Amino acid sequence: MNTSVIRLKTSLQDSVIDLLNEQIAMEAHSSATYLSMAAWCYAQGLNGSGYFFKKQSDEEREHMLKLFHYVADAGGLPVSPDVTKIERSFEGLRDVFVKSLEAEIAITTNFNRISDHCYKVKDFQTARFLQWYLDEQLEEEQQARRCLEIYDIIGTDAGGLYRIDKEVYKLKAKESE
């Protein structure tokens with residue numbers, strides 16, 4: 001199949017397309033991981049936390065698709081990633097929260113790396129596009145930290161898990177209002 005000449009002409013440099021495709025894969029993996037966390041929470045009877053991570057999964061998929069469309073709209077070739085090695089069991093709810101925060105920090109680090117590269121190669125359009133993600137990541141990290149704070153403040157004694165689950169649910173329920 002011949003590639004259209006229109007698709008051969010893009011302002012995106014190959015190095016930028018490669019980095020954006022890596023981020024697409026990272027977002028897809030994050031979405032699948034959050035869905036796995038949601039499933040684990042639901043299986044433990046932690047429906048509020050399950051709801052929280054299901055919503056996180058949906059958001060990560062939206063982030064992936066926004067990147068995918070950006071590459072495609074700019075004339076590049078976005079890659080639909082393979083998603084493998086998704087963790088399915090966790091040591092407890094705190095472990096889920098810790099892994100969530102670690103994942104968000106890794107995503108922020110990667111967006112910073114891509115943005116830095118864009119400035120170095122003078123791709124200011126993509127750098128500007130990525131600013132939305134950098135702003136979003138600040139919120140994502142804050143929310144992941146808040147889940148850990150809620151867990152540590154309430155503790156698991158005397159119905160603590162139930163209270164933690166209710167508070168974590170509220171974090172996403174507020175966004176839907």
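Mind checking which residues of segment 1-51 are modelled with pLDDT under 95, more than 28 Å from Ser115 (Cβ to Cβ) and part of a helix (DSSP H, G or I)?
Answer for segment 1-51, where residues must be modelled with pLDDT under 95, more than 28 Å from Ser115 (Cβ to Cβ) and part of a helix (DSSP H, G or I): just Val5.
Please go through segment 68-103 and give me each residue that is among the basic types (Lys, Arg) and in contact with a Leu (Cβ under 8 Å, 6 or more places away or on another chain), ordered by number.
Arg94
The values are calculated or read from the model by the stated rules, or taken from the named source; none is laboratory data. Predicted, not measured: the structure shown is a model, and the values here were computed from it. Glycine gets a Cβ as well: all are built from the backbone with ideal geometry, and neighbour counts include every protein chain shown.
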